[in-house]
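Shown next, in structure tokens, is the structure this report addresses.
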Amino acid sequence: MFLRKTEKARLELSPGVRTLSLRERSLLLLAEGKRAAELHALHNGMGAQLLDKLIAEGYLIVETVEAVEVQLQPAPAVAQPTAKPANSAQALRSLPAARMYLFDMCERMFARRDPALADTFREALRNARDVESMLRVGAALIEEVVQLAGHERAQTIRERLKELLPEERAASLSR
């Protein structure tokens, strides 16, 4: 017997809705596709009682193995267009991707440790209207990473940035 969430359960788990206890909500989160027996031991042995209550109130339904197997069978194959770029790594190379990576690194490295520095880099990246200015901001960000996290971390960021930049620009990223 496998458990499935109902629409009522999905509504309960949506943001801003809290009608069940924390234990009941945790069981709802874990229940999808699990066997009821797997969850019985949770919450100091109260899992079985809580599951029975959730089933009785319509949050969960119990399906047999056969019903689950029918759902797991692959759908008939439908011809999909196969317009893939010749090199998928090449498709990821773009200036916007590199710019977003720099914004992400700014958040990860500086937002909590040095919010003023993070603001400075965010503003500089927003104002970097051309490739050269964006690369200058990136180089400055990497230099700050050297000070904060060391050369290895900075080198990892530099290499990932080179992977994201178009090939003709990747070579211009100086050490």
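Values quoted throughout were computed directly from the atomic coordinates according to the rules given, and no laboratory measurement underlies them. Predicted model, so just to flag it, every value in this text is computed and none were measured. Here the Cβ is made from the backbone with ideal geometry for all residues, glycine too, and neighbour counts use every protein chain on show.
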Ranked by how many other beta carbons lie within 10 Å on average, peptides 14-21, 144-151 from highest
144-151, 14-21
Run the simple label-point estimate for A116 and S133 please: 7 Å along Cα→C-beta, distance reported in nm.
2.4
On full extension of the chain, what length is gained from L29 through R4, given 0.36 nm per residue of separation minus the C-alpha to C-alpha distance?
7.9 nm
In what order do D104, D119 fall by count of nearby beta-carbon atoms within 10 Å, going from fewest to most?
D104, D119
What FRET efficiency, computed as 1/(1 + (r/R0)^6) with R0 = 45 Å and r the Cβ-Cβ distance, is obtained for T19 and D104, rounded to the nearest 0.05?
0.75
From the phi angles alone, apply the Karplus equation (6.51, -1.76, 1.60; θ = phi - 60°) to the stretch 22-36 and give each ³J(HN,Hα) in whole Hz, x where the residue is Gly or Pro.
4, 5, 5, 5, 5, 5, 4, 5, 7, 6, 3, x, 8, 7, 4
